[in-house]
1. List the DSSP H helices in the chain whose Cα atoms stretch 20 Å or more along the helix axis and whose mean Kyte-Doolittle hydropathy is at least 1.6.
2. Put a dot 7 Å past each Cα toward the Cβ at residue 24 and residue 90; how far apart are the dots in nm?
3. Solvent-accessible area of residue 20, probe 1.4 Å, all protein chains present, reported in Å² to the nearest ten, please.
4. Ranked from the most accessible area to the least, with a 1.4 Å probe and all protein chains present, what is the order of 129, 51, 3?
5. Would you work out what percent of the accessible area of the chain, with all protein chains in place, is carbon or sulfur (probe 1.4 Å)?
6. Roughly what % of Cα-Cα distances in segment 31-87 sit above 17 Å, to the whole percent?
7. When Rg/Rh (Cα atoms, Kirkwood Rh) is calculated directly from the model, which label among (1) 1.18; (2) 1.07; (3) 0.95 fits?
8. How many Å² of accessible area per residue for segment 35-146, probe 1.4 Å?
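The values are calculated or read from the model by the stated rules, or taken from the named source; none is laboratory data. Everything numeric in this text was worked out from a predicted model, so none of it was measured. Positions of Cβ are generated from backbone atoms using ideal geometry, with glycine treated the same way; all protein chains shown enter the neighbour counts. Just the protein is used for accessible areas: all its heavy atoms, side chains included, with ligands, DNA and RNA removed. Shrake-Rupley method; radii C 1.70, N 1.55, O 1.52, S 1.80 Å.
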Amino acid sequence: MELFLEKHSGELVILALGLVVVGTLMVLVPQLLRASIRKAEMTHTEHMKALENGLSLPLEDDRARVAGRMALLVPMVVLIAAGTVTCFLAAYRQEQVFTVSLAVWVVAGVVSLAAITGGVALIGRLAQLQAGDKDEEDVPENPMIK
């Protein structure tokens, strides 16, 4: 048994991690879907009551919500992928674990930083547009065009 564990410990770790991820997804995805359906039902009920009372609700701008979700989800997915690559490198006992892992994590950090920065910038710009501060005079001229 010890020889089997010593020889196949990497494969068993990968199998265990896969089972944990699949189990987590099987629990979380239905809950997220139910929450989304409940939110859609509540929004529909709110809109119907407003129409019955003669009020009209402004349409929701989902761009800021999507920008926020992307700024949140992209780093999560990138870090999970980097962790998976590192796990596979360690499980298969590669010679250059440190150098490849360092490169993977640096790229993951840069991509995560870019996603967060871009998402926050987009949310800020959408907030300006919704506030009505979209005067073209406020935008500075590009000195490179002259």
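1. 97-131
2. According to this spin-label approximation, the distance is 1.5 nm.
3. So the heavy atoms of residue 20 present about 90 Å² to solvent.
4. Working: 129 55, 51 110, 3 130 Å².
Order by accessible area, largest first: 3, 51, 129.
5. 69 percent
6. Result for the distance tail: 63 percent.
7. (1)
8. Details: 9010 Å² over 112 residues.
Spelled out: the 1.4 Å probe surface of segment 35-146, per residue, equals 80 Å².
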